Amino acid sequence: MLKNKDVLFILEPSDTLKQKVAAMKTEVANTIGAYESRYSKAHITLWDAANLSPYLIDHLISVNEKYVRAIRPQTLVAGGLNSFSEKFPYTVFIPLEETSTIDKWFNELYNAIKQKKRTPHITIAKGLQLEQRHSIFRLFTDLKINESFTPNGITVLVRDTFDHNSHWKPHKTLYFNQ
């Protein structure tokens with residue numbers, strides 16, 4: 001019997017930005033201690049779902065692939081530090097530069113995968129108390145990140161739903177129109 005899976009559709013930033021985010025997460029852990037998302041690699045989540053059959057995941061991929069393939073790659077710029085301050089527990093993240101071109105591109109991307117649009121960002125830490133959030137902003141007062149990168153597609157990750165030791169593994173990449 002096939003095990004149900006959690007699925008995650010993501011955009012991957014450049015290796016340079018992944019390394020910078022990993023270093024930031026280490027600094028955060030040294031400042032506030034353990035926190036949710038400490039060991040997650042830098043990415044932009046487009047869509048996630050839990051407890052899906054492998055057949056449904058493969059069906060979703062095959063349905064979405066042709067639409068994603070019609071989208072041209074877009075250069076994105078990540079920089080600064082922000083948080084979702086209206087929601088507790090708090091999330092601190094690196095936002096993406098917002099322009100009408102990038103907004104249009106993300107709208108096209110979310111339409112292609114038939115999902116509700118999210119605020120695109122790269123999470124540094126989530127599940128934070130207010131004081132932890134303040135500590136992170138103090139830590140990175142002089143942060144100078146302005147990294148551009150061009151994702152070549154959507155990476156689909158999966159993990160076993162009911163295995164608490166399961167890690168995200170690459171399942172497939174849905175490539176943009178090169």
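The values are calculated or read from the model by the stated rules, or taken from the named source; none is laboratory data. What you are looking at is a predicted structure, and each value in this text was computed from that prediction instead of being measured. When we count neighbours, we look across all protein chains shown, and the Cβ atoms used for this are built from the backbone with ideal geometry, even at glycine. What goes into the accessible areas is simple: the full protein's heavy atoms, side chains included, and nothing from ligands, DNA or RNA. Shrake-Rupley method; radii C 1.70, N 1.55, O 1.52, S 1.80 Å.
For the chain, the longest principal axis of the alpha carbon atoms and the long axis of helix 100-112 meet at an angle near 40°. All other residues whose Cβ lies under 15 angstrom from that of Gln74 are scored, Lys and Arg at +1 and Asp and Glu at -1, for a net of -2.
Each other residue within a Cβ distance under 13 Å of Lys117 adds +1 if Lys or Arg and -1 if Asp or Glu, for a net charge of +1.
Inter-label distance, Asp163 to Lys117: 3.8 nm, where each label sits 7 Å from its Cα along the C-beta direction.
Our analysis of the range 88-134 gives Rg over Rh at 1.11, with the two radii drawn from alpha carbon positions and Rh computed by the Kirkwood formula. Per-residue accessible area (protein heavy atoms, 1.4 Å probe) orders Asp160, Asp48, Asp15 as Asp15, Asp48, Asp160, starting from the largest. Only protein heavy atoms count here; on that basis, with a 1.4 Å probe, Thr150 has an accessible area of about 80 Å². Positive contributions from Lys and Arg (+1) and negative ones from Asp and Glu (-1), summed over other residues with Cβ under 9 Å from the Cβ of Lys18, come out at 0. In the chain, the alpha-carbon atoms span a convex hull of 122 Å³ per residue.
Remark: the Glu97-Glu131 segment gains 9.6 nm on full extension, using 0.36 nm per residue and subtracting the alpha carbon distance. Taking each residue as 0.36 nm, the span from Lys104 to Ala34 lengthens on full extension beyond its C-alpha to C-alpha distance by 21.5 nm. Annotation for the range 71-93 versus the range 99-162: alpha-carbon center distance of 4 Å. Accessible surface area normalised per residue over the range 1-57 is 54 Å², counting heavy atoms of protein chains with a 1.4 Å rolling probe. Think of a 1.4 Å ball rolled over the protein heavy atoms: the range 71-178 then has 59 Å² of accessible area per residue.
If you sort Ser100, Ser83, Ser40 by accessible surface, 1.4 Å probe, largest first, the order is Ser100, Ser40, Ser83.
Sparsely packed loop sites in the range 57-125 (the trypsin sites (Lys or Arg not before Pro) outside DSSP H, G, I, E and B with at most 15 other Cβ atoms within 10 Å) comprise Lys87, Lys114, Lys116, Lys117, Arg118. Keeping the other protein chains in place, figure out the carbon and sulfur percent of the accessible area of the range 1-60, with a 1.4 Å probe. Answer for the range 1-60: carbon and sulfur cover 54 percent of the accessible area.
Mind pulling the angle between the C-alpha long axis of helix 15-32 and the longest principal axis of the chain? Nearest 10 degrees, somewhere in 0 to 90. For helix 15-32, the angle is close to 50 degrees. How large a share of the accessible area of the range 118-178, in percent, is made up of carbon and sulfur atoms when the probe is 1.4 Å and the other protein chains stay in place? Carbon plus sulfur share of accessible area: 47 percent.
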